[in-house]
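Contents: one structure, followed by commentary.
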Amino acid sequence: EHCIQWEAVNNACNSQAKSYNTQPRAHHKLISATTMGGGSDLQRLSGGENCVLGMVTGVLSKCCNYPCLVWKNTLQQGIKLNTTWTTSGGAFSPLKVYRGLPMACMNLGGTNAVQFVGTGFFQKLLAKSSNDKDAVQVGGAFLGGAASGVPCSIWELCMIQQQRFGGSTLGTPARIVQEYGAAAIGRGITTTIGREAMFTMSMLGVTPLIQEKLVESSGMEKNAALAAGSLTGALLAGVATHPLDTIKSCMQGDLGRKKYDGIVQTGRSLATEYGVVQGLFKGLFWRVALISTTFFLVNTFKQQTVPLLFPH
């Protein structure tokens with residue numbers, strides 16, 4: 001009797017193991033990605049939850065790597081780096097490099113929120129018509145980034161105008177409309193859409209996808225895999241979109257069109273005056289540093305905060 005009972009238990013265990021092993025491979029990948037905090041997180045969360053997650057991860061990451069943004073902008077404008085940590089009298093002032101951090105947090109937090117919401121929305125939409133999980137993840141991130149380019153362009157336009165001419169957060173857009181007309185608010189929006197589409201595709205699509213593939217194929221530790229994915233995604237997004245970023249910054253800083261007019265004219269002007277590399281790729285090192293650390297930090301904070309904020 002005991003032998004019969006043991007045989008029944010053993011058969012049940014074997015049946016359960018066989019059932020698990022015959023589950024589709026995609027199911028195991030989904031479990032792995034979810035456990036690791038991959039791109040599938042945004043598909044599982046609601047629009048409101050993605051909005052909160054985007055703002056939290058954006059603000060946290062910007063507090064960590066803000067100096068990279070300052071140094072990138074400084075070099076693009078042809079200003080010496082040491083001016084970002086010294087006073088006009090030459091005294092050492094490390095806190096000076098964090099000037100403008102609140103506005104930068106508002107910008108990245110808001111843009112990240114739109115990117116997370118848009119990416120989650122488009123990933124769910126694409127998943128209804130495609131069974132290719134990788135294509136859904138990358139494609140949804142690309143479309144979500146493109147959607148974020150509209151508000152991001154307006155925020156960055158106001159930020160650049162403040163950096164050049166001062167003014168308050170609310171007074172700057174009012175001054176722009178008064179002096180240049182309502183259409184000036186949309187200046188640089190096309191290049192921003194292109195830049196943010198590639199940026200978000202790399203951050204929320206390519207980076208977690210590379211992490212997942214490295215962990216699955218080689219057994220690499222997940223943080224090391226995330227670092228490799230972040231650097232790869234940053235190089236892809238940084239090099240491909242840096243000319244767009246430079247052209248956008250010049251156009252938004254010259255609303256009167258005294259030197260820079262349209263996208264093509266601005267690019268040609270920069271290449272003629274400074275050369276292609278110096279004109280269109282100035283500050284690239286710090287932008288790659290900024291993007292790679294942003295990708296790593298945003299995905300790390302996403303992995304850590306999703307279980308805490310939304311444990312369902």
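Remarks
- Within the range 132-153, considering residues that are without any contact (Cβ under 8 Å) to a residue 60 or more places away in the chain and open to solvent by 60 Å² or more (accessible area, probe 1.4 Å), the one farthest from Ile210 (Cα to Cα): Val150
- Taking the conditions (1) over 22 Å from Ala147 (Cα atoms); (2) within 14 Å of the chain's Cα centre (by Cα) in turn, Gly253 satisfies each one other than (2).
- Residues considered: Gly279, Gly256. Of these, the only one that is part of a helix (DSSP H, G or I), small (Gly, Ala, Ser) and either surrounded by fewer than 20 Cβ atoms within 10 Å (Cβ to Cβ) or free of Cβ contacts under 8 Å to residues at least 40 places away in the same chain (or both) is Gly279.
- Selection of first residues in the range 262-276 that are within 17 Å of Asp245 (Cβ to Cβ) and of second residues that are of a type in the set (Val, Ile, Thr) and open to solvent by 30 Å² or more (accessible area, probe 1.4 Å), restricted to Cβ pairs under 8 Å at least 6 apart or on distinct chains, gives the following pairs, ordered by first then second residue: Ile263/Thr190.
- Residue check, Val138 in a helix (DSSP H, G or I), at pLDDT 90 or above and closer than 25 Å to Gly110 by Cβ: yes
Each row is one residue, and each column tells you yes or no for (1) in a helix (DSSP H, G or I); (2) of a type outside the set (A, V, I, L, M); (3) touching a strand residue (DSSP E or B) at 6+ places or on another chain (Cβ under 6 Å); (4) open to solvent by less than 50 Å² (accessible area, probe 1.4 Å).
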residue	(1), (2), (3), (4)
Thr83	yes, yes, no, no
Ser88	no, yes, no, no
Leu95	yes, no, no, no
Ala104	yes, no, no, yes
Gly109	yes, yes, no, yes
Val114	yes, no, no, yes
Gly118	yes, yes, no, yes
Phe121	yes, yes, no, no
Leu125	yes, no, no, no
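- Qualifying residue in the range 114-126 (condition: of a type in the set (Ser, Thr, Tyr), more than 13 Å from the chain's Cα centre (by Cα) and modelled with pLDDT of 85 or more): no
The values are calculated or read from the model by the stated rules, or taken from the named source; none is laboratory data. What you see is a predicted model, and the numbers here were worked out from it, not measured in a lab. Backbone-built Cβ (ideal geometry, glycine too); neighbour counts: all protein chains shown. Please note that ligands, DNA and RNA were not included when accessible areas were found on the heavy atoms of the full protein model with its side chains. Shrake-Rupley method; radii C 1.70, N 1.55, O 1.52, S 1.80 Å.
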